[in-house]
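One structure is given here, and the rest of the page talks about it.
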Amino acid sequence: MRKEKRSLRQQQIEDAAYEVLEIKGYGGTSMLGIAKQARASNETLYNWYGDKQGLFQALVMRNAEQVKEYLETELETDHDAISILATLGPKLIELLTGDRAVALNRAAAADSSGELGATLSKAGREAVFPLLEQVLLRARAEGELTFEHSAEAVALYLDLLIGDQQIRRVIGRLPKPTEAFCKQRSDRAVGLFCQLLG
């Protein structure tokens, strides 16, 4: 019960962090401001997250959690790699173009220190990229794909899947994608990817 209570409280604090971030940007966001918005003590925030960077790292990690867990689970199965990519694609588009990712990326773009951008890269991309690499290596081992450098293959897949969707969302030129769009975009990416590397 205590664990559930803490988890709920963390969710409230993290929701408050997004609210403050949207209003004040990363530079203007403080632990005290988030504590006030969440009606929590400043001490609780420092005890749970360490500092502002720790809190934002937790936000990024939580945002990427579903995709990371999905990949970890799928890699433990004997599912073929192409079918993993097909079901992963919509989740990845949703992750990278969702409201929370957009808020974090807008804040990172406005943060001249580069601190939030580094946190986004470390807790997001750098956590998911190696797992995606394992999926593609499985596809190569299964004879589905041919490539020399796995990092280049991952980059190509992400280019085909995401393209400029994320940046267009961040600058307000694209609405949040629908479930149908995510599925269609994912199918297209997998089809082109297999044509290019199959």
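Filter segment 107-159 for residues that are within 14 Å of the chain's Cα centre (by Cα) and basic (Lys, Arg) and give the result.
Lys122, Arg125
Mind telling me which of the residues Arg169, Arg106, Arg100 ends up being among the charged types (D, E, K, R) and touching a Ser or Thr at 6+ places or on another chain (Cβ under 9 Å)? It would help to see each step written out before you state the result.
On the way: Arg106 fails: touching a Ser or Thr at 6+ places or on another chain (Cβ under 9 Å); Arg100 fails: touching a Ser or Thr at 6+ places or on another chain (Cβ under 9 Å).
On inspection, the qualifying residue turns out to be Arg169.
Pairs please, first residue from segment 109-138 and modelled with pLDDT under 85, second anywhere and open to solvent by 80 Å² or more (accessible area, probe 1.4 Å) and charged (D, E, K, R), Cβ atoms under 7 Å, 6+ apart in sequence or on different chains.
none
Can you confirm whether Ala123 is more than 14 Å from Phe193 (Cβ to Cβ), touching a Gly at 6+ places or on another chain (Cβ under 8 Å), part of a helix (DSSP H, G or I) and not β-branched (Val, Ile, Thr)? Give the derivation first.
Numbers: more than 14 Å from Phe193 (Cβ to Cβ): yes; touching a Gly at 6+ places or on another chain (Cβ under 8 Å): no; part of a helix (DSSP H, G or I): yes; not β-branched (Val, Ile, Thr): yes.
No: the conditions fail for Ala123.
Check Leu45 against each of (1) in contact with a Leu (Cβ under 8 Å, 6 or more places away or on another chain); (2) more than 23 Å from Ala123 (Cα to Cα) and name the one condition it does not meet.
(2)
Would you be able to say whether some residue in segment 69-77 is over 30 Å from Gly89 (Cβ atoms), over 16 Å from the mean Cα position of the chain (by Cα), in a loop (DSSP other than H, G, I, E, B) and modelled with pLDDT of 90 or more?
no
Of these, Thr97, Thr119, which one is closer than 30 Å to Leu21 by Cβ, touching a Cys at 6+ places or on another chain (Cβ under 9 Å) and among the β-branched types (Val, Ile, Thr)? Spell out how you get there, then give the answer.
On the way: Thr119 fails: touching a Cys at 6+ places or on another chain (Cβ under 9 Å).
Of Thr97, Thr119, the one residue that is closer than 30 Å to Leu21 by Cβ, touching a Cys at 6+ places or on another chain (Cβ under 9 Å) and among the β-branched types (Val, Ile, Thr) is Thr97.
Any idea how many residues of segment 157-178 are farther than 22 Å from Leu137 by Cα and either part of a helix (DSSP H, G or I) or in contact with a Phe, Trp or Tyr (Cβ under 8 Å, 6 or more places away or on another chain) (or both)?
Looking only at that region, the number is 6.
So which of Ala108, Ala86, Ala81 is of a type outside the set (Asp, Glu), within 24 Å of Leu196 (Cα to Cα) and touching a Leu at 6+ places or on another chain (Cβ under 9 Å)? I'd like the intermediate steps shown before the answer.
Numbers: Ala108 fails: within 24 Å of Leu196 (Cα to Cα); Ala86 fails: touching a Leu at 6+ places or on another chain (Cβ under 9 Å).
Only one candidate qualifies: Ala81.
Identify, by number, the condition in (1) aliphatic (A, V, I, L, M); (2) closer than 21 Å to Leu92 by Cα; (3) surrounded by 19 or more Cβ atoms within 10 Å (Cβ to Cβ) that Leu21 doesn't meet.
Among (1) aliphatic (A, V, I, L, M); (2) closer than 21 Å to Leu92 by Cα; (3) surrounded by 19 or more Cβ atoms within 10 Å (Cβ to Cβ), the lone unmet condition for Leu21 is (2).
Output yes when any residue across segment 94-101 is surrounded by fewer than 16 Cβ atoms within 10 Å (Cβ to Cβ), at pLDDT 90 or above, touching a helix residue (DSSP H, G or I) at 6+ places or on another chain (Cβ under 7 Å) and part of a helix (DSSP H, G or I), and no when none is.
Looking through segment 94-101, none of the residues is surrounded by fewer than 16 Cβ atoms within 10 Å (Cβ to Cβ), at pLDDT 90 or above, touching a helix residue (DSSP H, G or I) at 6+ places or on another chain (Cβ under 7 Å) and part of a helix (DSSP H, G or I).
When you look at Gly33, is it open to solvent by less than 40 Å² (accessible area, probe 1.4 Å), at positive phi and touching a residue at least 12 places away in the same chain (Cβ under 8 Å), yes or no? Talk me through it step by step, then tell me what you get.
Details: open to solvent by less than 40 Å² (accessible area, probe 1.4 Å): yes; at positive phi: no; touching a residue at least 12 places away in the same chain (Cβ under 8 Å): yes.
Taking the combined requirement at face value, the residue does not satisfy it.
Please work out which one of (1) out of contact with any Lys or Arg (no Cβ under 8 Å at 6 or more places or on another chain); (2) open to solvent by less than 20 Å² (accessible area, probe 1.4 Å); (3) closer than 22 Å to Glu152 by Cβ is the condition Ala81 fails and give its number.
(1)
The values are calculated or read from the model by the stated rules, or taken from the named source; none is laboratory data. Since this is a predicted model, take the numbers as computed values, not measurements. Note: ideal-geometry Cβ built from the backbone for every residue, glycine included; neighbour counts use all protein chains shown. Areas reflect the complete protein model, heavy atoms only, side chains present, ligands, DNA and RNA absent. Shrake-Rupley method; radii C 1.70, N 1.55, O 1.52, S 1.80 Å.
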